[in-house]
Amino acid sequence: MSIRINNDITPAVLTVWSAVSHSLARFHALMPAVARFRALRFLTITTLAASAGISHATTIYTNEAAYLSALAGLANSVITEGFENDAVWSASRNSIVQPGSTPSVVNQGLMWASNHPGNNIATGSGAAAFGSYGIYSLPHGVTTDSSIAFCDTLVTISANSPCWQNDGWSVSAQGGATLYGVGGWFQSNTGGGAKMTYLLDGVDVNANNTDNIGNANRDGNVVSATGATFVGVIDSAGFSTAEILELSGKDSQLEFIFGDQFSIGSSVATTAVPLPAAAWLFVSGLLPVMGVVRRKLR
């Protein structure tokens, strides 16, 4: 999914954004820093979705086999990431005995990071759906209401409220590559109320241009607390960054999500690593020796 802004639409975008900016400025000084960041982010996405002519050429998958089959005909390569490589992910390893986390990790042409400025990513055994490790944000989004205590008293929370926890992380293509799909296995450990969505280049795949602009309804896929759930999305137009965003957790009623075993379609084709010339010489040198041994065994 891409945001396409042509010359006919740009003035409308600027007009709407100008109105939004003036409204935001009136209460900007009254909001704590976290609230300002979250409100500005929502308003930016909503403005673009309403005015920029977003193309929703996306398909959401809950079956991994179907996702991989569709992705095979679109991407030049499928990158798999299970977070098992200690040489790459050692800084992110987190446990009670040995705490750890890192701002970001780059591997196989992809950068993984938290979706919140100042938060880190971590990998741990409790997050794993397969193997030994899974990924998560640390902390899990905004997890303290010390500066926005009014969240505890709200019965209904508006879509752009700073009370949403917004747990999650992002994966971005490096080196100018284009991504065409991202899919992984997700689980929670906080009661089964979690649900998630993807934002491709900042635009929610569950949004539309009519009755759910910017995904104001916070629609998404349920993430189970009793087993891993696969969720993937393909966009034939391509994108550079995918954000995984939890939708149900509130600042005072937290919901955590964890991810594992991702398959990501990329425009960059993988190539086989050639055997070094020295290795060929070594093999060719072994052939006469192998012949002698074979004759002696007869």
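Each reported figure results from applying straightforward, stated rules to the coordinates on display, with no laboratory input. Keep in mind that what you see is a predicted model, and the values were worked out from it rather than measured. Cβ sites come from the backbone with ideal geometry, for glycine too, and all protein chains shown count toward neighbours.
Some observations on this one:
- Ascending count of other beta-carbon atoms within 10 Å, so fewest first, for E64, E246: E64, E246
- Convex hull of Cα atoms in the range 56-266, direction-averaged projection (nm²): 11.9
- Computed packing ranks the peptides 257-265, 166-174 as 257-265, 166-174, most packed first, by mean other Cβ atoms within 10 Å.
- Panel order for K250, K195, by other beta carbons found within 10 Å of each beta carbon, from fewest to most: K250, K195.
- Calculated FRET value between I157 and T226, using beta carbons and R₀ = 30 Å, to 0.05: 0.70
- Note on the range 163-207: Cα convex hull, mean projected area over all directions, 4.6 nm².
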